[in-house]
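See structure below.
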């Protein structure tokens, strides 16, 4: 393994130096079950489906491609108090690094209970738990080595010998949890705040005998929406998360929602959204919605 070039070194160093930072999305609010397990079942409706896809730096050999799909819904609505909500959910996530050299796949299930704090249920305190089965695979057949480089690119045959290491796999079980407060004062506003923790059991990752502890990731998040004018509302959210002490991220922003007047039912309005979020010291994230 002495001659592994940058493409492979980058993938491996991300796992070692950065303590295997989790895949995450700039539009964090659009992926509720990766934001906080306590978000499970917390919505108005009978079923919520969310999907996200990210392709970061595709010109660099598809450096990071990530996709997720989740579904959650309330249960036992006729057996718990009207001011409470009980939800379950399921999530699948796939993350490929370095054009598929490192592949990470996750399957999880969440459960959350939201307890009403007042007689009308306008305020709730929720707690949620999530169990995730994780599978990671390192496919060295996709790696590029120095002795493969020719005038036509990496077209040669490497002399490196890996024995049984052509495809390395690890599997482990992960535990996540979260707590969230939510409330409203009228039918036109809503606000929430929560804390979520991931890798609480600190699972081990190892491909070739050297164990690496997956450090817990903690996320603090909150948001609100409220009217600012006739047919207009402001939607804002913020998240700060940290992992392994020195790895941290803060994203915040807002969008204005415009409700199309006339021709729609009060409980099923047509709304257009426009706004932006900002990741500190990094990037602006524009947002359009319908």
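The values are calculated or read from the model by the stated rules, or taken from the named source; none is laboratory data. What you see is a predicted model; the values in this text were computed from it and never measured. Here the Cβ is made from the backbone with ideal geometry for all residues, glycine too, and neighbour counts use every protein chain on show.
Among the candidates 271, 285, 195, single out the residue that is surrounded by 15 or more Cβ atoms within 10 Å (Cβ to Cβ) and either at pLDDT 95 or above or at positive phi (or both).
Selected residue: 195, the only one of 271, 285, 195 that is surrounded by 15 or more Cβ atoms within 10 Å (Cβ to Cβ) and either at pLDDT 95 or above or at positive phi (or both).
Have a look at 32, 81 and point out the one that is more than 19 Å from residue 198 (Cα to Cα) and modelled with pLDDT of 90 or more.
Only one candidate qualifies: 81.
For region 44-64, what are the residues that are touching a strand residue (DSSP E or B) at 6+ places or on another chain (Cβ under 7 Å), free of Cβ contacts under 8 Å to residues at least 24 places away in the same chain, under 30 Å from residue 86 (Cα atoms) and in a loop (DSSP other than H, G, I, E, B)?
none
For a quick check of your reading of the model, give me the residue pairs whose first member lies in region 83-110 and is at positive phi and without any contact (Cβ under 8 Å) to a residue 40 or more places away in the chain, whose second is assigned to a strand (DSSP E or B) and surrounded by fewer than 19 Cβ atoms within 10 Å (Cβ to Cβ), with beta-carbon atoms closer than 6 Å and at least 6 apart or on different chains.
Once the first residue is at positive phi and without any contact (Cβ under 8 Å) to a residue 40 or more places away in the chain and sits in region 83-110, no partner that is assigned to a strand (DSSP E or B) and surrounded by fewer than 19 Cβ atoms within 10 Å (Cβ to Cβ) comes close enough.
Go through region 232-247 and give me each residue that's in contact with a strand residue (DSSP E or B) (Cβ under 7 Å, 6 or more places away or on another chain) and surrounded by 13 or more Cβ atoms within 10 Å (Cβ to Cβ).
Listed by number, the residues that qualify are 233, 234, 235, 236, 237, 238, 239, 240, 241, 242, 243.
Against the condition assigned to a loop (DSSP other than H, G, I, E, B), at pLDDT 90 or above and crowded, with 20+ Cβ neighbours inside 10 Å, how does residue 128 come out, does it pass?
It is false that residue 128 is assigned to a loop (DSSP other than H, G, I, E, B), at pLDDT 90 or above and crowded, with 20+ Cβ neighbours inside 10 Å.
(1) more than 22 Å from the chain's Cα centre (by Cα); (2) assigned to a strand (DSSP E or B); (3) in contact (Cβ under 8 Å) with a residue 60 or more places away in the chain: which one isn't true of residue 122, the others all being true?
(2)
Confirm whether residue 136 is out of contact with any helix residue (DSSP H, G or I) (no Cβ under 7 Å at 6 or more places or on another chain), at pLDDT below 90 and either assigned to a loop (DSSP other than H, G, I, E, B) or surrounded by 17 or more Cβ atoms within 10 Å (Cβ to Cβ) (or both).
Considered against the rule, which asks whether it is out of contact with any helix residue (DSSP H, G or I) (no Cβ under 7 Å at 6 or more places or on another chain), at pLDDT below 90 and either assigned to a loop (DSSP other than H, G, I, E, B) or surrounded by 17 or more Cβ atoms within 10 Å (Cβ to Cβ) (or both), residue 136 comes out as yes.
Would you mind stating whether residue 87 is surrounded by fewer than 18 Cβ atoms within 10 Å (Cβ to Cβ), at pLDDT 90 or above and within 30 Å of residue 190 (Cβ to Cβ)?
no
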